[in-house]
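Here is the structure we will look at.
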Amino acid sequence: MTDAVQGDVPRHVAIIMDGNGRWARQRGLARIKGHERGAESIRAVLRACREFGVKYLTLYAISIENWIRPKPEVKALMNLLVRFLRQEAKELHDNKIRLRTIGRTEDLPKQVRKELLKVIDETSGYTGQHLTLALSYGGRMEIAQAARQLAELVKSGKLEPEQIDENAVAAQLYEPELPDPDLLIRTSGEMRVSNFLLWQISYAELYVTDVLWPDFGEKEFAGAIEDYRSRDRRFGGHE
Ligand code: IPE
Ligand code: IPE
Ligand code: MG
């Protein structure tokens, strides 16, 4: 749960960045061109978060299911990730942005992991803004690995089964320090969560826009924030 009240700017925004392929197809371009333009949208949204005072931004970049895509597309996505990390390093340092990842990052190619770990390490002391990339991420996988870790703790006598409550489960998620998202945005109109942050979004406000991710910028972000601020968050209470 979060302590945000109605009218506040969300503390944590999570985004399912969808529609890169459609954006490219509409222009007769290769899908990777859509992914490239999508990287520009990340830059714009990161800046917009700063302007609006949104401290936490979590982006669904690659799902655990996305590995079934054709090899050339997967390879292009990996190259793009490395390029993004190199190009954004200065922005992250200048603005004291801490980078984290969630997901099975062990699935990423070695070189990509190396680049990632370097930036994660270099920015680990920053608290200006928090950028989290979901890479090879699956919500069910995250919960399953939390269950496995709890079982290990019980097995080794460090935890009693009776002590397993919501907090105990949450503590075994990939980045337990992150607050739950207040607002979940999905671009390109699909009304589904596609295995993203299943545990953490239990009380997130949902915002789906038809705008494709490469066309999503500061103006669209402002629209989502405005919509969020008009919501009446009840958390199970009454009006
Ligand atoms: C989102 O765009 C980016 C990733 C999933 C990596 P898509 O590639 O899913 O684009 P569409 O949904 O096919 O348009
Ligand atoms: C969700 O988009 C994953 C990311 C944005 C990384 P997908 O395009 O993979 O999701 P589905 O297949 O439409 O559910
Ligand atoms: Mg898609």
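Screening TYR126 against (1) within 17 Å of the chain's Cα centre (by Cα); (2) part of a loop (DSSP other than H, G, I, E, B) leaves a single unmet condition, (1). Of all the numbered requirements in (1) away from ligand 2 (no atom under 16 Å from the Cβ); (2) not in a loop (DSSP other than H, G, I, E, B); (3) not acidic (Asp, Glu), LEU184 misses one, and that requirement is (1). For segment 3-18, the set of residues classified as at pLDDT 95 or above and of a type in the set (A, V, I, L, M, F, W, C) consists of VAL9, VAL13, ALA14, ILE15, ILE16, MET17, listed by residue number.
For segment 84-123, residues that are assigned to a loop (DSSP other than H, G, I, E, B) and of a type in the set (A, V, I, L, M, F, W, C) total 1. Flag: LYS55 matches the condition of being within 15 Å of the chain's Cα centre (by Cα) and open to solvent by 40 Å² or more (accessible area, probe 1.4 Å).
Name the residues in segment 193-211 that are closer than 12 Å to ILE15 by Cα and either away from ligand 1 (no atom under 16 Å from the Cβ) or in a loop (DSSP other than H, G, I, E, B) (or both), would you?
Within segment 193-211, VAL193, SER194, PHE196, LEU197, ILE201, ALA204, GLU205, LEU206, TYR207, THR209 qualify.
Would you check if there is a residue in segment 140-152 being part of a loop (DSSP other than H, G, I, E, B) and of a type outside the set (S, T, N, Q)? No, segment 140-152 contains no residue that is part of a loop (DSSP other than H, G, I, E, B) and of a type outside the set (S, T, N, Q).
The values are calculated or read from the model by the stated rules, or taken from the named source; none is laboratory data. Treat the numbers as computed from the prediction; the structure is a model and nothing was measured. A quick note on method: Cβ atoms are made from the backbone with ideal geometry, for glycine too, and the neighbour counts reach across all protein chains shown. The area values use the complete protein model at the heavy-atom level, side chains included, leaving out ligands, DNA and RNA. Shrake-Rupley method; radii C 1.70, N 1.55, O 1.52, S 1.80 Å.
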